[in-house]
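J.: Could you have a look at this structure, given as structure tokens, before my questions?
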Amino acid sequence: MTRHSDMSVRNRSKEFPLIRTRKLGRLYRTGEQVVTALKDVSFDINEGEFVAIMGPSGSGKSTLMNLLGTLDLPTSGDYFLDGENVADIAADELADLRNRTIGFVFQQFNLLPRMRALAQVTLPLTYARRRSGNLKEKARKQLALVGLEDRADHLPSQLSGGQQQRVAIARALINSPKLILADEPTGALDTATSKDLMRLFQRLNGAGITIILVTHDAEIAAYAQRKIVFRDGRIVTNKNQRNSRLLKVS
Ligand SMILES: Nc1ncnc2c1ncn2[C@@H]1O[C@H](COP(=O)(O)OP(=O)(O)O)[C@@H](O)[C@H]1O
Ligand SMILES: [Mg+2]
């Protein structure tokens, strides 16, 4: 006897937002000291949204991204990813869910210095030991998607910062994630390159990928549909942006 009909189970992902946090908290203990990095953080993000996370340095943005990416667990509160409480998922299952669902993009690109672009992009598939189809073929498609089809054999040192970040984005896309988590992805790039990159994120979002992007640059945040602002580990603003650049793109 169960309260849930087959139908409600099958529709779970439609009833739940892709991301739901409830009173999420994260304390760091270092010796005697306790730092409250996040406190009582509650929000929902639906599939298909493009959300900017803002706030001064030390306000808990990276701590939140680590929790959303299931790379870290909260010390209080709940995080539901695709309707499931991550606290209820075993570690190996969680790694699998993470690989299938989330692509990560970082400020410093995190490319391997001696590896050519194509191999950087196939790397997550190698880890996932997926042998379906041709790895190189898949990686070439992702490189083409980010506008780098002619850079497959280049090393990071032979690419500009913006191109390196595009390789990192192609790598994040290789497992067809629902969600991209990008922590200050334009932090190491000049303004023009940053804007190009934001247009790429908009294009990916237009194709249905949910994007959560940390920035402390208001001009960069303007590309998102919604802005969540943190201060001292708490949400101070959470609202849709009527003047989002997203709405201006024809
Ligand atoms: N691993 C850690 N151990 C102890 N304190 C940490 C750790 N990571 C972050 N903090 C602290 O938590 C707070 C939030 O940090 P963080 O999430 O990195 O902020 P942001 O990304 O907004 O700059 C800061 O006070 C920081 O010093
Ligand atoms: Mg940070």
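The values are calculated or read from the model by the stated rules, or taken from the named source; none is laboratory data. All of these numbers come straight from a predicted model, not from anything done at the bench. In this analysis, Cβ positions are derived from the backbone assuming ideal geometry, glycine residues included, and neighbour counts consider all displayed protein chains.
J.: For the range 30-69, give me each residue that is in a loop (DSSP other than H, G, I, E, B), within 16 Å of ligand 1 (Cβ to nearest atom), at pLDDT 95 or above and at positive phi.
T.: Within the range 30-69, 55, 58, 60 meet the criteria.
J.: Considering only strands (runs of 3 or more DSSP E) fully contained in the range 169-250, which possess at least 2 residues that are of a type in the set (D, E, K, R) and either out of contact with any His (no Cβ under 8 Å at 6 or more places or on another chain) or surrounded by 19 or more Cβ atoms within 10 Å (Cβ to Cβ) (or both)?
T.: Answer list for the range 169-250: 226-231, 234-240.
J.: Also, I was wondering about something else. From the residues in the range 181-235 that are closer than 21 Å to residue 59 by Cβ and of a type in the set (Lys, Arg), which one is farthest from ligand 1 (Cβ to nearest atom)?
T.: Restricting to residues being closer than 21 Å to residue 59 by Cβ and of a type in the set (Lys, Arg), the top hit is 226.
J.: Pick from the range 31-65 the residues that are of a type in the set (Val, Ile, Thr) and either buried (at least 18 other Cβ atoms within 10 Å of the Cβ) or in contact (Cβ under 8 Å) with a residue 60 or more places away in the chain (or both): which of them is farthest from ligand 2 (Cβ to nearest atom)?
T.: Top of the filtered list is 45.
J.: In addition: Looking only at residues in the range 92-126 that are under 21 Å from residue 136 (Cα atoms) and of a type in the set (D, E, K, R), which one is surrounded by the most Cβ atoms within 10 Å (Cβ to Cβ)?
T.: 116
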